[in-house]
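The values are calculated or read from the model by the stated rules, or taken from the named source; none is laboratory data. What you are looking at is a predicted structure, and each value in this text was computed from that prediction instead of being measured. To get the accessible areas, we keep the full protein, side chains included, count just its heavy atoms, and leave off ligands, DNA and RNA. Shrake-Rupley method; radii C 1.70, N 1.55, O 1.52, S 1.80 Å.
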Amino acid sequence: PQTESGDYEQIPKPYDFYGAYREGGWRLSEGHADVEPHPHHLYNDVIEGELTFDWPKAHDIVALECQAARNGVAIFDQSYFGKFYITGEDSLDFMQYLCGADLKTKADGSVTYTVLCNERGGVEADLTVTKLAKDRGFYLSAGGNTATKDKEWIHKVIDIFHEKKKKADEETTTLVNFYDASDEMAILSVQGPHVRHLLQPMITYHCPNSSQDLPFNLEDDEELPFSFSRSDLKLNGEPIELCLRLTFVGELGYELHVKKKHAVSIYNAIRDAGEVYELNYNNESRQNKDETTHSVLVRDAGYRAIDTLSAEKNFRHWHADLSNRDTPFEAGIGFTVLSKLKNCDDDFMG
């Protein structure tokens, strides 16, 4: 959409995430109007600087994004991630069979990084699983570049699970429901040591016993511990479906899983607050002549920064560091299955 100043907001379009289709947009089938090309081709303007054997033009930009994540706040748009729900009476038994992690021991609201293995023990997928409260099932968040593959694998294991149950007892019917919410939700991952100070003024929670939203203390680790989630928070009055205390870059951070219709409003609120916070913090540091304090950056950040930051922390990427030929132990992530192998008698894939 065009702003009052005549500029175009760089909000991704469903047909063209980069503005790359410069020569005429999409030509659709008969009876459907063609989709016009993006009116502002920012991607085309910068891609030439990347096609080089030297340092790309974006190198310094990525460095600032990494600096923001380590010393300030970085905002990552991870909306292209897969977002799946597993529900039904047999959802816990199925998830116990599907995942390498022992989910029976997990509390409501917990977020678990787990692998999904094949019959040979190879890693077919790695993702996070949130155990929803009140037996509402499970919420899975899968990397965007593997989401389609992960979805197909889960469907395959659902069929295997049904067959195993049927062989054990022909009269048994299993109830496992899979729902893909990927197109309905967005993910904004806000990471960095200053993230609490930035988000705190905007975060509230809905109290059932109050007609008004109440302040929520992000500093209180008991209210939202690491690897846990909450579904009752709001940012600037906009509801957050799930707020996960999680990181893939090794810093203090939160993943905000929100309905798509609220995503732009929430993002704009964070960016506006970030500009004010960065300015005020750095001005105060200069006035106090504190030479021991790092300057704080609040920046949008992309996947080159994620790859760099996660590699520094020795985190794994399925497409680069592990595959369905590697077991969790061969990939150096044996901790994802160790608890189940040691303490659990339940059958599981892998």
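Details
- Average accessible surface for the range 221-290: 52 Å² per residue, computed with a 1.4 Å probe over protein heavy atoms with every protein chain in place.
- For L252, the residues 5 or more places off, or on other chains, whose built amide H falls under 5 Å of its own are G192.
- Gain on full extension, evaluated as 0.36 nm per residue between E184 and E48 minus their Cα-Cα distance, stands at 45.6 nm.
- Across the protein chains, with a 1.4 Å probe defining accessible surface, the residues W55, W153 rank W55, W153 from largest area downward.
- Length added when fully stretched, F335-V276, from 0.36 nm per residue minus Cα-Cα: 17.1 nm
- For A101, nonlocal amide neighbours, meaning residues 5 or more places apart or on other chains whose placed amide H falls under 5 Å from its own, are V115.
- With Rh defined as the Kirkwood radius, the inverse of the mean 1/r over Cα pairs, the Rg/Rh of the range 62-215 is 1.05.
- Cα-based shape type of the range 185-284, given that a ≥ b ≥ c are square roots of the gyration tensor eigenvalues and the cut on a/c is 1.5: rounded
- Rounded accessible area of R245 (nearest 10 Å², 1.4 Å probe): 30
- In this view, the solvent-accessible surface of K156, computed with a 1.4 Å probe and all protein chains in place, comes to about 100 Å².
- Phi angles of the range 96-111 translate, via the Karplus equation with coefficients 6.51, -1.76, 1.60 and θ = phi - 60°, into HN-Hα couplings of 5, 7, 6, 9, x, 7, 8, 7, 5, 8, 8, 7, 4, x, 6, 10 Hz per residue; Gly and Pro are given as x.
- Nonlocal amide H pairs with A125, under 5 Å, H built at 1.01 Å: L116
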